[in-house]
Every structure is written in C-alpha cells, then in structure tokens.
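Before any comments, here is the structure.
The values are calculated or read from the model by the stated rules, or taken from the named source; none is laboratory data. Because the structure is a prediction, the values reported are computed rather than measured. In this analysis, Cβ positions are derived from the backbone assuming ideal geometry, glycine residues included, and neighbour counts consider all displayed protein chains.
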Amino acid sequence: MTDLQLWISALEIGSFYGLIALCYLIVYQGALVFNFAIGGYAMMAGIATSWLATEQGAPVWLAMLFGVVLCVGSSVLTEMVVVRPMVRRSGHDELPKLIAVTAVLFALEQGAGAVFGRGSMPGQWLFDIEPIEMGEAVLDGAALQMFVVTGVVFALVAFWLNATRAGRMLRAAGDNPVAAQVLGLPTDRIRLTAFFVAGVIAAIAGIVFALKSGITFRSALPWSIKGFLAAVIGGTGGAWAPLVGGLLLGAIEVFVPFYLGGASVDYVILLLAAVFFVVRPQGFFARRIRV
C-alpha cells in the first residue's frame, strides 16, 4: 500500500463519499430522516451540468448554476412535498418517510434518464488546474479540485453547525425534537434549511466528482448507498465524522480490488457494513445527546 497514485485515488473517491455522507448527516439532524434521495440530487446536478454544456453549448458557469438550482430545488421539494406531509401524518415514524424518499430517488434516476439521455456524459471543469507531479505519481486537476472543495465545504459546515444560530437550532432539533417543539423552535423551517444545505453540498459534490469518470443517470443509486454507508461508518458525532467514513470506504474501493481482485470489493464492503450495523451502529463517532 505504498503506491502514492493509489492513495490519491482513494482520497479522491473518499472525499466524494464524505460529502454525500455529510448531506445525510445534515438532513438527519434537521429532519430525523435518512434521505436516500441524496445520490439522486448529486447525479441530477452533475448530469444536468454536463448536458447543458456539451449538448446545448451553454457556458460552463451557466450550466453549473443550472445544475445547482435543479439539485437544490429537488431537495427542497422533497421536504415540502414528501417529508413534511409525512411528518404531519405519521409523526416521528421513520418508515413512511424512508419509503417516500427512496421513491424520490428512483423517480429522479428515471427522470434524468428520460430527459438528459441514458448515456454517459463527461464532467465539466470548475477551474482549469494544471496537474502536479509528485515523484512517480500525478495529482491531476480533478483530484486537487475535489480535495480543495471537500476541505472548504467541511470547514464551512463545521463552523455553521457550531457557531451560528441556525446551525445550533438544527442540532437542537435533531438532539431532542419533542423538546424543540415544546420550546417553540421553527421545526418546519429547520427541516427546510437542512434540505436546502444538503442540496447545495450534493450539487457541488456531483459536479466535481463527475470529472473523475463521467456521469450517467444510473450513478444515483450507487452514490446514495455508498454515501449512506460512509455516514453509518463515520457516525453522527460531529461535522467531520462523515469524512472519516468516506475516506475509509474510498480506501477499500481502491486497495481491495488492487490486491484481492475486483470481485472481492463488494464482499469486503458488505462485511464492513454488517460489522457496523451489528457491532457499532453509532459509527466511529457517536453523538452526545443534550437533554
């Protein structure tokens, strides 16, 4: 495990999974729902950006803006049209909300295939970055862009959750939703904020990661699953916890096929998921509940 190029690839993939897992964390803290549509949002942003830039000839910045708006709009509509009515009808019962957001995921997947096509599309550059040679390894612009974006996003979210009123209210609503309602906190607005922020992060992640290997409408489900596993592994103990889970998952996806063969990675990920679900469901970092 000394090949620097493998480590760069593992960090790049892990950073993306960490961003998707961060979206899960934010929505769960604000709305107490595992939003399996997160991967669909990221896919919509990436594929819409590529479609508008490559198929319609739009400027890249305009295509990216369109992708972000589409992603955030899908996330906000999920809360307003799907989650909010479910909360009013079923209270804090998680199963109806889980089924509903999973249906949203498949709707986004099939909708993207119908509108933007079912073939693979190339990613679009945010910035023109020259590759950096590191001995025998090369840190290309796509990886460097992912590292910078990941660091900035996690730092901003950590600051937002811990140092702003909106972030503290979101954490309070997640820690004790009943007490939040009793105290008169605007729970509907908190849920909407959580979905909005998660939509922005998912859009950025999808657009940036599309540079690695392109994007297709079928990317939605794998991204949702891997992001969820990263969230489970990292836990809910802090804003940086999802990144830990994402990096571990990225390392497995790169090093296991390299040393054990491509077919073995699914078994290793399944085993890892079983270990965390059964032995340590709170993940590496457990959240301390304030009552």
Notebook entry, point to check: Looking at PRO96, PRO59, which one is more than 18 Å from the chain's Cα centre (by Cα) and loosely packed, with under 13 Cβ neighbours inside 10 Å?
Noted result: PRO59
Notebook entry, point to check: In this structure, is ILE38 touching a strand residue (DSSP E or B) at 6+ places or on another chain (Cβ under 9 Å) and crowded, with 17+ Cβ neighbours inside 10 Å?
Noted result: no
Item checked: Residue selected from the range 99-119 under the condition crowded, with 20+ Cβ neighbours inside 10 Å and of a type in the set (Val, Ile, Thr), by the criterion modelled with the lowest pLDDT -> VAL101
Next item on the list: Answer yes or no: is there a residue in the range 58-81 that is part of a loop (DSSP other than H, G, I, E, B) and aliphatic (A, V, I, L, M).
Entry: yes
Note to self: I want to confirm something. Restricting to the range 14-33 and keeping residues that are hydroxyl-bearing (Ser, Thr, Tyr) and within 21 Å of PRO96 (Cβ to Cβ), which single residue is modelled with the lowest pLDDT?
What the structure shows: TYR28
Item checked: Selection count, the range 252-284, where residues are over 19 Å from GLY234 (Cα atoms) and part of a loop (DSSP other than H, G, I, E, B) -> 3
Next item on the list: State whether one or more residues within the range 8-16 are touching a residue at least 60 places away in the same chain (Cβ under 8 Å) and more than 17 Å from the chain's Cα centre (by Cα).
Entry: yes
Notebook entry, point to check: Is it the case that LEU77 is within 18 Å of the chain's Cα centre (by Cα) and either more than 25 Å from PHE209 (Cα to Cα) or exposed (fewer than 15 other Cβ atoms within 10 Å of the Cβ) (or both)?
Noted result: yes
Notebook entry, point to check: Quick one: MET43 ticks every box in (1) out of contact with any Phe, Trp or Tyr (no Cβ under 9 Å at 6 or more places or on another chain); (2) modelled with pLDDT of 95 or more; (3) of a type outside the set (Gly, Ala, Ser) bar one, so which box is it?
Noted result: (1)
